Every structure is written in C-alpha cells, then in structure tokens.
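Since every read-out is calculated from the coordinates, none of them should be taken as a lab result. Just so it is clear, the model here is predicted, and its values are computed rather than measured. Reconstructed Cβ throughout: ideal geometry from the backbone, glycine too, with neighbour counts over all protein chains shown.
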C-alpha cells in the first residue's frame, strides 16, 4: 500500500501532495478510480446512460463552477431539499402528523421559546443544524463537525460547523470548517467521516452536492497538521474522487464512512444508496484516498427499505466492554451495520459477521435485518443520521445523533434555531445477551452534577407522588424499580388476567394513563403542579400467553404541551430484562429534550417536548405507579445539572485554547 506520507500535505504552502505528479486536476473524473464489472443489483443496462451523463457533467467544468450552469426548471415548484434529493422539515408534514391542519398555530411567546434552549446539549448559537460529521479526537481535543445553515433556522445553504472540547461536554465554537465554494459542493457540503491514519494524520471524505445537484464524494485534509484546533481545511484539487456509478441515480449516493484496513493492507469505505426500493451499501477500496476500486459485491442490501443514508460500519467486542478501533477484526469480534432510513427518518442497526475477503456482511438474525420493521434501533424516539467514532484517548466508541425538532418550522424561525445533538454515548455489544447494543451517556456528563437527593419509596397502585427537588428543568435521574414478588405471583397465577404481551406496543397502547395489571410505572418529568402538562417515562410489564413477563420501556409525550403545532407521539419498545435483574432507568432532562435509557441502555428513547406551563420554576417531577394490582418499590437519586456553558467563537478563546 502507499505510505501515509503520500496522502497528506506537510505544508499548505507546498504543492498539493495528493497529486503525485504535481499536475492540475484531471477534468475527467473517470481517471480517478477503476471499476470492476457491475453485477447483481447494479444493472449493466444503466451503464452507458450514466457514463454519458457524467462525461457531460464533467465536460462543463474546469475545476471551478461553470458560469453558464443550467438551473433546474423544477426549482421554483419544489423545495431546495427535495430538489437536492434529501428530506426536510415542513409545516405540511407537521400538520399532517398532528391532525390539526385547520387549527391556528399556537401563540408562542419569547419567554416560552427562550426556555426551550438547552443548557448542556450541543447546539449552535443560532440557525439550523443537522447531521454530525467527522467526529474525532486529535492532539488533546475532541472535534465535532456538523451540518449547518449559517443563514437561517431552516434547512439550506449547508456548510460544516465546527467545535472543540476537552471532555465532550464543554464546547467552544470555531469558525466554519468547510463552505460550499467549489462546483462539486456548491449546493452543499454534506455529511462525511474522518479517518486517522497510522501516522496520526487525518483524511476527511464528504459528500458534495454539485451545481447540478449530483451527489459526489470529495477529499479534504487539515491545512496545518500541527494545529490541534484544525482551524483550516484544504479540499483536494482533484475532487470529486467518486461519482455515482452506473445504475445509481445522481441523488442516491452519499455519506462515506470512516475507512478501515483490509487484510490486504488497503483502505475500505462504504457509501449508502438504493436500487429501486432496495437499500444498499456500496463498497470501495483505495490505497491513497484519491483513486478507488469498486467491489463487485455490496456490503449489504435489504429490499423494500428505500434509500440508506449515513451508513455506519464498525466492530464490537464479544467479550470486552471497551470500544474497538474501526479496522479491528477477529474471532471475538462482531460487526454492526447501521443505516439511516430516508423514508422513515429512523436509524436501524443489526449485529452480524463481516467477511473481509469479499467485503460483505450478513446479520446474525435475518428476521431483524437492517431497516425492516422488526429491526433494532439505536433510539426509539427522535434520533437520526447518527455517526460513531473510535476515541483512542479512552479506548471507547462514541455515538453522536442528530435530535431534530417536533414543533413547527414557524416556531423554529421565531426562536431563531433548530435542532440539537444528543449527549454523546458510549456504545458496546451487550455481552449478557450478545444480541443488541447498549448505549450510555459518556462519563464526563457527571461533571455537571450539582446537588442530589436520594429516595427510597414503596409506591402503591394508582399513586402519583410529587418529588421535591426544586426546579426540574435540568436533571439527571438514576432509578431502580422492583415489583413486589407477591404482586407478580398473583398475576401469573390468575387465569383471568389477560395475556397482552404479544399485542402490546408503547405506540398503540394509549399512553401512561391506560392501566394494566403490572404497569405503567415510572416518572413524569417537565410536569406542572396540576399535571396538565407532563411527559411520563415508564416501564410497562405485560403477561404473555406463555405466562412469562415481557417488559416495555416507553415515553409518552401526548400531554407534554398545550401547544397544538407540536407532534406528540408515544415512543418505546420492548427492553430485554434478564433473570435476577431489577428494572433500571436513567433520564436526562434538559429543557426541551428528554433522554431515557432503559436497563443500562438496552433500549433508549429521546424526545423533544415543548411545555407552555411546566417551564422555569414551574417544572416539577413526579413518581407514579398506574398499575392496577402491582406495588412497586423505587430507589432513585436525582441530581440538579449545571450548564455546560458552551462558548461562542472569539480570537481570545482560540488563543487560550492554543496555549493549553
């Protein structure tokens, strides 16, 4: 393989080292990568059509944007996002989901909207944010890049925002990392991933939307590898390094992954796409990140799942609680394939086996394959376009996820910002079950804990108990529940108790007000004193036809707000509970976001809530047990949480960081 010295620049003042002969970029992109014959789903019949298309595309460019670029005639009748081939938030979709199309929007005031801004979750100072991009740890700093619109609180004009942190919690905003200034990314600098090479240098691959709205892959690298803040980035003069191959539509080719090493010493990446309704992940090998060879095979494909975007692929240990570097493989390793489903806006994953020899992966259990209705999710609430990275600083794999809004676009414009990032999570294989991942907030979040109160209570059926913790807008709650054995024995031995486990679902259950024999029970957060607004996070234990118990972890936002222009679903799923385990949950409350982790993170739920009364000092916490027959014991600790004090960019802050 090529030495990493040939991949990255020593100095930006030198000639671009990514071009070994020092020549200018070749206007014909076909010279940048070799192709193997197209097989299987990539139909040969499309080949000539797309080759002709891309020859025409490249012929209009000499490395800069053409002055005579033709504007798509549909641009005036469809949104920019749809034109570009991605989804976007719209009021039309909101009203359709809320069922209140003919109802006037809620009259938000500045006090309500100001309260919604979070205290310890990452978000820009203003405007729109979506996918996490290229997270990494470099020279003592965690770097976070993200899709950002610097001009408005709605999708559009996408560039890369950039922030750094020493601990993944306290962030400093930096200048934009990459902007849309080349023909190959003039319609957006879209999602990408970082790869750290053996010598410590960085390559960044990202999707650009060209001036013809074609999705292409591009290469960038730090201007100064000695700069720990990575303030300036250089785009490879030979970009784009990959264009959609024959059989792939121009708007269905995006989001390259972090590269991993093959047994032959090559680097390998995968890119999301689709053929008709089959979601696929294309595979490419490279030795220098400039030229690529497409494999005959696909990493994976699942029919009827639609476009796969933000694909992620990484190893997890079957025996160790530490994370694994992306290239690790072996007998004690399983591999995760995650894809973000453009059709449903849900992140699905599966555990399986990777075959290095031909670049393919198969799920351990095909009945829960990636993207199908029964498959596993990182999160059963608001959580999309996620991306992991290996943190070599602490030998762990960290998961980032975009948390979009559930209110109206008009409300976002009024408040001047849209979207958050979830608290970064560690992610490992559940070594007890071997079948699912477990996720947990990074340990650094505990640095924000302030005063705490510990409680031990017996909660009888039908109880709703106020918990005196003061204002409840910023909380960290860790709780352990146990149903009294006599209550369980009574239910299991009573034939008149309906077996409902096979039919029950959080989404269709009617929420936390619907009472069952053994649930629901848990906490109502962001509740006002009269409980006219509240967001319950709870367990529901159901009896099965086999007289065994099945546990569900749910969040009910249906009563979270009086506002009518807010989507208020009930989220959740089954959560594995092993013999001898008590029921445990952790809840992070931070104004308009609530993150729940059931059974140590086997099932996670993130929700956005927009109370109109339960805000500021009126936000309260309640413990409840709405079961008909079960008495529950609850042991829990509640911490007040400090602000992370995310700092805006300034020259003084950068100088201070550089001295650290």
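In percent, rounded to a whole number, the relative contact order of segment 131-441 is 12, using alpha-carbon pairs under 8 Å and six or more apart. Ranked by the mean number of other Cβ atoms within 10 Å of their residues, highest first, the peptides 194-205, 452-463 come out as 194-205, 452-463.
Each of 480, 405 has some number of other Cβ atoms within 10 Å of its Cβ, and from fewest to most they run 480, 405. Ranked by the mean number of other Cβ atoms within 10 Å of their residues, highest first, the peptides 390-396, 591-597 fall in the order 591-597, 390-396. The Cα-based radius of gyration of segment 449-525, divided by its Kirkwood radius, gives an Rg/Rh of 1.02. Going from the fewest other Cβ atoms within 10 Å to the most, the residues 465, 646 appear in the order 465, 646. Each semi-axis of the equivalent ellipsoid for segment 378-440 is √(5λ) with λ an eigenvalue of the Cα gyration tensor; in descending order they amount to 30, 14, 7 Å.
Hey, how many Å between the Cα centroid of segment 534-580 and the Cα centroid of segment 401-440? Going from one Cα centre to the other spans 18 Å. Here the scattering of segment 131-441 is modelled by Debye summation over its C-alpha atoms, one equal scatterer each and no solvent; at q = 0.11, 0.12 Å⁻¹ the log10 of I(q)/I(0) is -0.63, -0.76. Across all directions, the average projected area of the convex hull around the alpha carbons of segment 499-648 is 10.3 nm².
Short to long, the 5 Å bins of the Cα pair-distance histogram for segment 610-660 hold 4, 10, 12, 12, 13, 10, 9, 10, 7, 4, 4, 3, 1 percent of all pairs. Quick check on segment 174-261: take the gyration tensor over C-alpha atoms, sort the square-rooted eigenvalues as a ≥ b ≥ c, and tell me if it's rounded (a/c under 1.5), prolate or oblate. Oblate.
Working from Cα pairs under 8 Å separated by at least six residues, relative contact order for segment 511-660 is 27 percent. Sorting 266-279, 343-356 by average packing, meaning the other beta carbons within 10 Å per residue, from highest down gives 266-279, 343-356. Projection of the Cα convex hull of segment 208-322, averaged over all directions and equal to a quarter of that hull's surface, yields 10.0 nm².
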